[in-house]
Amino acid sequence: MSAIELRGVTKRYRRFGIRGSRTVTALHDLDLTVRSGEIFGFLGPNGAGKSTTIDLLLDYAAPTSGSVRVLGHDVATESAAVRDRIGVLPDGYGPIGDRTGRDHVEFAINAKDADDDPDDLIDRVGMQGPADYPVAEYSKGMAQRLMLAVALAGEPDLLVLDEPSTGLDPNGARTMRRIVREENERGATVFFSSHIMEQVEAVCDRVGILDGGELVAVDSIDALREAAGGSAAVTLELSAVPANVVDYVRALEGVVDVEIDEPSVTVTCDDAAKAAVVAAFYDSPATVRDVTTSETSLEDLFERYTRGVAQ
Ligand SMILES: Nc1ncnc2c1ncn2[C@@H]1O[C@H](COP(=O)(O)OP(=O)(O)OP(=O)(O)O)[C@@H](O)[C@H]1O
């Protein structure tokens, strides 16, 4: 069974402006499958349709057409069954009111009819001290940690984390990654939307990249790298940069770009061309003092697949 399955999903909104109204298509005939037990990163530029997709998964909005199934249930007709087995960290909604963080966690445990110890959840997100303050006194990062504790109540089968690192300091971001892995090891599927590529790269098994309401890529990060030509950057620190060797390397098959920053040279090339690039400098009169290579980052892949902010 897939944890999430969208088939032929289109979502249109009516947008009202000073010159009248027009229809915006946020999602176009979207098919998306998230396998049970995986950590799936959901990426896309501003306005790509990520929040719209999450709203449909959680039944906060209905698709204009198509079907949305979560944990084997049709969201349109069985949303209560889904809600019981899902933990949600929403983007842009924090705890409100004059109750304490502990009250919020206890409320979530009761609402799920679960028997978690609230202190365990509070401990896991590093909120032992502030749990007894009213949430109105929380900083943004404290509120985000608390909302994560709330999402964990009842050992959900699916965690939907929308921009989970918002407001978190580096320790909080590390805690978030640890919890995502722990929850996944427990058996939960994690659906993780984020603009922070390092976070996604660190924890996700597969990623889906949405652009203009369409899924433009879905695969493991390694497979996306491969599909993008498996390009790498090779930086060589030299005693001097020999111009004729630079020209030779520039003409090698698979070399995309050569940048010189005396006495270093950075060559962007296909994985297969790396050895020839390094050999060319070793065979030159210059001394090679250091060689470093790096793979295409998820940020580079994101840039290749996407175009910018939706209109
Ligand atoms: N309630 C709404 N009414 C009208 N248009 C909407 C509404 N919600 C979203 N949209 C439009 O749908 C498109 C997708 O928006 P969505 O919020 O899903 O993008 P997103 O990928 O979550 O973006 P971001 O990364 O900026 O949060 C955008 O063009 C947006 O303007």
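Summary of values
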item	result
At R0 = 25 Å, FRET efficiency that the Cβ-Cβ distance of Y282 and H195 yields, to 0.05	0.05
The range 152-257: antiparallel DSSP beta bridges as a percent of all, rounded to 5	50 percent
Note, ³J(HN,Hα) from phi for the range 117-133, Karplus 6.51, -1.76, 1.60, rounded to Hz, x at Gly and Pro	8, x, 5, 5, 5, 5, 4, 4, 9, x, 10, 3, x, x, 4, 9, 7
Sites matching trypsin sites (Lys or Arg not before Pro) across the range 221-307 that sit in DSSP coil, with at most 13 neighbouring C-beta atoms within 10 Å	R307
Additional length obtainable on full extension of the chain from A251 to S139, 0.36 nm per residue less Cα span	34.8 nm
Per residue solvent-accessible surface (Å²) - the chain, probe of 1.4 Å	50 Å²
Coil-residue trypsin sites (Lys or Arg not before Pro) of the range 1-73, DSSP, other Cβ within 10 Å capped at 13	R19
For the chain, built as a Gaussian network whose Cα springs stay under 10 Å, the top-fluctuating residue of V135, V70, V255	V255
Theoretical ellipticity at 222 nm over the chain - DSSP helices of four or more residues, -39500 (n - 2.57) apiece, nearest 500	-9000 deg cm²/dmol
Positive minus negative residues near A62 (Lys, Arg vs Asp, Glu; Cβ under 10 Å)	-1
Anchor K11: lysines whose Cα lies under 17 Å away (excluding residues fewer than 8 positions away in-chain)	K50
Gain in span if fully extended, R177 to A223, counting 0.36 nm per residue against the direct Cα distance	14.3 nm
Residue-span extension gain [R15 to E185] - 0.36 nm each, minus C-alpha spacing	57.0 nm
Of all accessible heavy-atom area on the chain, the percent that carbon and sulfur account for (1.4 Å)	46 percent
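The values are calculated or read from the model by the stated rules, or taken from the named source; none is laboratory data. Quick caveat, the model's predicted, so the values are computed rather than measured. Positions of Cβ are backbone-derived with ideal geometry, glycine not excepted, and every protein chain shown enters the neighbour counts. Ligands, DNA and RNA are stripped out before the accessible areas are found, and what is left, the full protein with its side chains, is counted by its heavy atoms. Shrake-Rupley method; radii C 1.70, N 1.55, O 1.52, S 1.80 Å.
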